[in-house]
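Heads up: the structure comes next, in structure tokens.
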């Protein structure tokens, strides 16, 4: 069965669609500015479950995932459209009020204005389409396709926390606000992820990143998308991956951590590449920002190697896919 | 239970959202141009049924309904994002290929470029979110709120055909290409509506319209939206309403026709108002364009009167609503 990535690549070729395939589409706005646009469809029981989350978190996450795409272009989010489809039984509850409260609380942090949307009835599941526009200096959006051989690979923040939270939920736990600290952290990484808009803009404004993508599907898949777009390969060093420290109680073995951090997805951190000459300028700054150097771009066409000590293995993209 | 219109009005007030509530949001693009943006969510078994339509028609209609919103601002459509959620069983068929073929066939007519989107899995129903951007001369988008007392009310085209097609489908008929002409016409008005982009742009470029809205929910509801936004009332003349001539075999009585034309919705024609002084300039042109003068804006705050001969009755908005 074709994956959604193959399907999109086919569309792109057949209908000549040069603007699709990155985290956002880049469109000309005025003489100094480009507009970047993204849309994310979230479907109940596929992307979220009512019994695992709460309406405020779902509203927050609907916006956060799109802000993360804008962040991955190095752009500043500016406005949004939000379509929501609701079964009649849910419409009669306080779900929509609380959903929008969660959405607006996050929107306020980034000065994102809601400019439109649509409300529809659905037969029995909630669907949300989140559309966010951002602005970036003309010609300066950071694409997936800019990585060069020898560039260093970095990630922001720590990885695997969102997958850890998902494991707690799948194992039958439910979030409540007086959880132990480590559990609360993991739950919230999954249910209320924070988009790295500031880091994205910082990297753009300083011209540090040659390519960037957000970590939504999982490091193994997202790095593979970036390598395909840039027509390069990569090697990453297992001992340099910044595992989420709060994972410890549920992922003691190295393989568990690797699974969470490399294939789990939904951390909404940023993965980016930096020219090594530029890195000498950035080294101290990057330490302050807690960016982790995890690997290097190679000429080994679209192959990703995972180096653990003396061992090297080919890393297959095992992140999230719908089909 | 609150309607979606009340809900949106509440959001608008509570969160101070001046840009929501028209057919499109109007956003500044550059020194000469505004961007208009719309999004329409289409849900299987609510907005379309697989057994009533075919994938090409669904793709066509997903784009057409958004183009119609752009038309209602007097803008030129330029690009689009398209999110689609599909159950796995449908993903394995040729549905998506044929859906996009229908979408692209219409997009080509208006030079609309697909710049992005999202593909997701759903548990069991198809959902589509269609997002279209248009461009219009700065400050010149035609809003719902511009109608003045004494303005004349017009519609493009003929009304009721889409509702007639829906009646055929609800009565158990299915579209096939060797239908009788009148039936084929009604089916296609419902399944493959054509957006009035040229008429919208013509009205804008000649500064003819003071206010405009597209006829998606039904004339009674859409005129009511326009009156509310403009803080005016209206009277319309039953004998001036351009009923779709192909309705005759299924709507012989006047009341049947009124139901189809006033409350049926989905004709995707345009409803607009014109200052009477301007109309003297436009009269001959309007005849060529087949625009019908159906009524007049009054000071009778948000009340719509339907005049039939000597009789006058208050027209309630009975068009489509989700909640």
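Derivation of every value follows stated rules applied to the coordinates shown; laboratory data play no part. Everything numeric here is computed off the predicted structure, so don't read it as measured data. In this analysis, Cβ positions are derived from the backbone assuming ideal geometry, glycine residues included, and neighbour counts consider all displayed protein chains.
Summary table below
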| quantity | calculated |
| --- | --- |
| 7 Å along Cα→Cβ, label-point gaps from residue A:148 to other copies, nm, shortest first | 6.2 |
| Calculated label separations, residue B:309, copies of the chain, 7 Å along the beta-carbon direction, nm | 9.8 |
| Cβ-based exposure ranking for A:17, B:191, in which fewest neighbours within 10 Å come first | A:17, B:191 |
| The stretch B:1-78: C-alpha gyration tensor shape, a/c 1.5 cut-off, then a/b vs b/c | oblate |
| Cα pair distances exceeding 24 angstrom across chain A, given as percent | 54 |
| Label geometry 7 Å along the beta-carbon vector: residue A:249 inter-copy distances in nm | 7.2 |
| Semi-axes of the equivalent ellipsoid for the stretch A:144-314, Cα gyration tensor, largest first, Å | 28, 18, 14 |
| Cβ-based exposure ranking for B:113, B:51, in which fewest neighbours within 10 Å come first | B:51, B:113 |
| Whole-Å distance, taken between Cα centres, linking the stretch A:91-118 and the stretch B:1-50 | 13 |
| Translational diffusion of the protein assembly as shown, µm² s⁻¹ [Kirkwood Rh, Cα pairs; Stokes-Einstein; 20 °C; 1.002 mPa s] | 82 |
| Cα centroid separation, the stretch B:286-323 to the stretch B:201-276 (Å) | 7 |
| The stretch A:4-137: mean projected area of Cα convex hull, nm² | 9.2 |
| Mean residue ellipticity (222 nm) of chain B, computed from DSSP H runs ≥ 4 via -39,500 (n - 2.57), nearest 500 | -10000 deg cm²/dmol |
| Fewest-first sequence of A:108, A:125 by Cβ atoms within 10 Å of each Cβ | A:108, A:125 |
| Cα Rg, Dmax (largest Cα-Cα span) when computed across the stretch B:109-156, Å | 18.2, 52 |
